[in-house]
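The values are calculated or read from the model by the stated rules, or taken from the named source; none is laboratory data. As the structure is a prediction and not an experimental result, all values here were calculated from the model. Ligands, DNA and RNA are excluded from the accessible area calculation, which covers all protein heavy atoms including side chains. Shrake-Rupley method; radii C 1.70, N 1.55, O 1.52, S 1.80 Å.
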Amino acid sequence: MLNHLRDRTADALRRATEVEQLLADPETTRDAPRLAELGREHHRLAEVVVKATRLTKAEQELAEARELANGDDPEFAAEARAEVARLDAEVDALQKALLPLLIPRDPLDDRPAIVEIRAGTGGDEAALFAGDLLRLYTRFIERRGWRIEHISYSDGAMGGVKEAVFKVIGDGAFGVLRWESGVHRVQRVPATESQGRIHTSAATVAVLPEAEEVDVRIEDKDLRIDVFRSSGPGGQSVNTTDSAVRITHIPTGIVVSQQDQKSQLQNKAKGMEVLRARLLDLRLSEQEAERSRLRKSQVSTGDRSAKIRTYNFPQGRVTDHRVGVTLYDIDGVMNGDIGGFIDAIQLANAEESLAG
């Protein structure tokens, strides 16, 4: 693995030099799309250069400290051994930070993400947990400085959430949030339980890359569009006009309903946005399934029925089953602190990719 890391780092540093030369070329400045593409690549490679430089320096200092630790002066050797321990930890941390930066980047990672949260098994408690997940992701997104654009929302019982769909706009949104797709399980005493018994409920999360019209071609003949009267909260237009829209993609059977916007035209536009994302996701899932047949995947990204995480409130722990990481800080996690899980999954994915 270390040899793979060194080879990929050397390739990335060579490419960083090439990109800098290309950006300085007058021909590049006359090609706006090419200039923008190289600018994004330069931004990504700059982080590799910084970490690789620090890693090289730390490795050199570690080699020197190890020599001193074997010296004849006991007091000096003891100080050197302490420095070896510190530098060992620093080198390990830098290697882990470099790994995800060196794997081939999925072009979709830079796109906005469409996130769908739905209550699963567990009745009212599942809807309450879906609401908790919505707050969790809202806080995580706010901390990253990203923006949320709400697409649709359906209330569940007791203040919970039956379904919430929203778009996340920010640098690398899909690349980060894609790892949250799957079944999230909760174990706790529900508010509806008078006997104090622990129940297990679930909610599902699907994270889709925003699809552009060039990604998915949708023929008018493949669509059935029905309009109906909106229901629930939504202002004066609710229950007065047939503004809600249901779009059925006939070849796949995918159905999208949208009623949160004020006009039928707006609802249709939002519905088509979600439909395009789901069709692109279907295509990507089929490709991932084909790749999975060819290799054993360490990190599952395509199977939405897979249980990925358990939130155990009585024991105050959250476990991600894909990488075996457990955090005993359920309050922090429910407040949006899920970076530790995402970092661990990205690292596992990078190790798998570098191993071939």
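Data overview
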read-out: Dmax and Rg, reported as Rg then Dmax, of the stretch 97-223 (C-alpha, Å); value: 17.2, 55
read-out: Relative contact order of the chain, pairs being alpha-carbon contacts under 8 Å that are 6 or more residues apart, as %; value: 15
read-out: Relative contact order (%) - criterion: Cα under 8 Å, at least six apart; region: the stretch 60-147; value: 15
read-out: Rounded to 10°, Cα long-axis angle of helix 339-354 versus longest principal axis of the chain; value: 70
read-out: Acute angle (nearest 10 degrees) that the helix 2-24 long axis makes with the longest principal axis of the chain, alpha-carbon atoms; value: 80
read-out: Cα-based shape type of the chain, given that a ≥ b ≥ c are square roots of the gyration tensor eigenvalues and the cut on a/c is 1.5; value: oblate
read-out: Top of Thr56, Thr326, Thr200 by mean-square fluctuation, Gaussian network on the chain, Cα under 10 Å; value: Thr56
read-out: Carbon + sulfur, % of accessible area of the chain - ligands and nucleic acids excluded, 1.4 Å; value: 49
read-out: Whole-number percent relative contact order across the stretch 1-129, with pairs defined as alpha carbons under 8 Å at least 6 apart; value: 22
read-out: Within a Gaussian network of the chain (alpha carbon springs, distance under 10 Å), most fluctuating of Arg135, Arg105, Arg14; value: Arg14
read-out: Whole-Å semi-axes of the ellipsoid equivalent to the stretch 3-143 (Cα gyration tensor, √5λ, descending); value: 40, 31, 11
read-out: Residue pairs, from the table Lys51/Lys96; Lys270/Lys307; Lys167/Lys270; Lys167/Lys221; Lys167/Lys262; Lys57/Lys96, whose Cα atoms sit over 20 Å apart; value: Lys270/Lys307; Lys167/Lys221
